[in-house]
Amino acid sequence: MPQPHFLKGAAISLAVLGLSACVGAYTGPVEVTTFAAAEPALLGQGTIALQFSPELKSEAAIEAFRGAMSDELSLAGYTVIDNKEIANQIARVDTSRTPVAGAGTGNPDNVGVGGSTGTFGSGVGVGLGINLGGGGNNKPRVISELSVAISENSADTNARNLWEARAQFTTGIDSSFAPMAVNARTLAAAVFEGFPAGDGETISLDADDLVQAE
């Protein structure tokens, strides 16, 4: 039986609304790049302490990433401790959340920390630039990024990193992956995917495969 015209119009309107909601709740793939030193034998064992960038001012971000990173490091084989003086290794953590694409229509949080994208990888002998481009519509979006560098705990300020990783992904501000806690778990899971491997290649991961967003 043919549908009345007003029902067809309603169905089309609902479809358009549904499409708009999907666009607004955009979640892009998580792009991950990792590097490992030539002899990373010490990775994944012993004690390790987290050290956050002094430029990171958001306590909410620090706590979210402290929990997410501690969980992933424990799964990787480490014993996470608070005392940086006695830890065998140090995991230096840098994270940022940057508004992109239509930011003028919303107010995404910025917990930024400056990131030296041009020198990423130099600690293990490789340099790499990361593309921080965003989406292509006028919905507010943010690029969330996490970088991690693991090194031996040494007084030598020129000590080489044993392993480095960086992950980033773009989400709509109403995406289920946008809240800080979920965002942190997603990025932390991404950087430790395949740990301690690291060949400098960038891979794309589906956020849904990394964590279960609520």
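Quick notes
- Number of positions in segment 37-51 that are open to solvent by 30 Å² or more (accessible area, probe 1.4 Å) and either of a type outside the set (V, I, T) or within 11 Å of E164 (Cα to Cα) (or both): 8
- On the stretch given as segment 52-97, residues that are of a type in the set (A, V, I, L, M), farther than 19 Å from R185 by Cα and either open to solvent by less than 20 Å² (accessible area, probe 1.4 Å) or under 15 Å from the mean Cα position of the chain (by Cα) (or both) total 2.
- In the set (1) surrounded by fewer than 24 Cβ atoms within 10 Å (Cβ to Cβ); (2) among the aromatic types (F, W, Y); (3) under 20 Å from R141 (Cα atoms), F195 fails one condition alone, (3).
- Candidates in segment 169-209 are the residues that are charged (D, E, K, R) and assigned to a strand (DSSP E or B); of these, the one that is nearest to A38 (Cα to Cα) is D199.
- Checked against (1) open to solvent by 20 Å² or more (accessible area, probe 1.4 Å); (2) farther than 21 Å from E63 by Cβ; (3) of a type outside the set (A, V, I, L, M, F, W, C), P179 passes all but a single condition, namely (2).
- Hey, A165 of a type outside the set (D, E), closer than 18 Å to D94 by Cβ and open to solvent by less than 10 Å² (accessible area, probe 1.4 Å) or not: yes
The values are calculated or read from the model by the stated rules, or taken from the named source; none is laboratory data. Since we're looking at a predicted model, the values are computed, not measured. Because the Cβ atoms are built from the backbone with ideal geometry, glycine has one as well, and the counts that use them run over all protein chains shown. When the accessible area is computed, the model is the full protein with side chains, heavy atoms only, and any ligands, DNA or RNA have been set aside. Shrake-Rupley method; radii C 1.70, N 1.55, O 1.52, S 1.80 Å.
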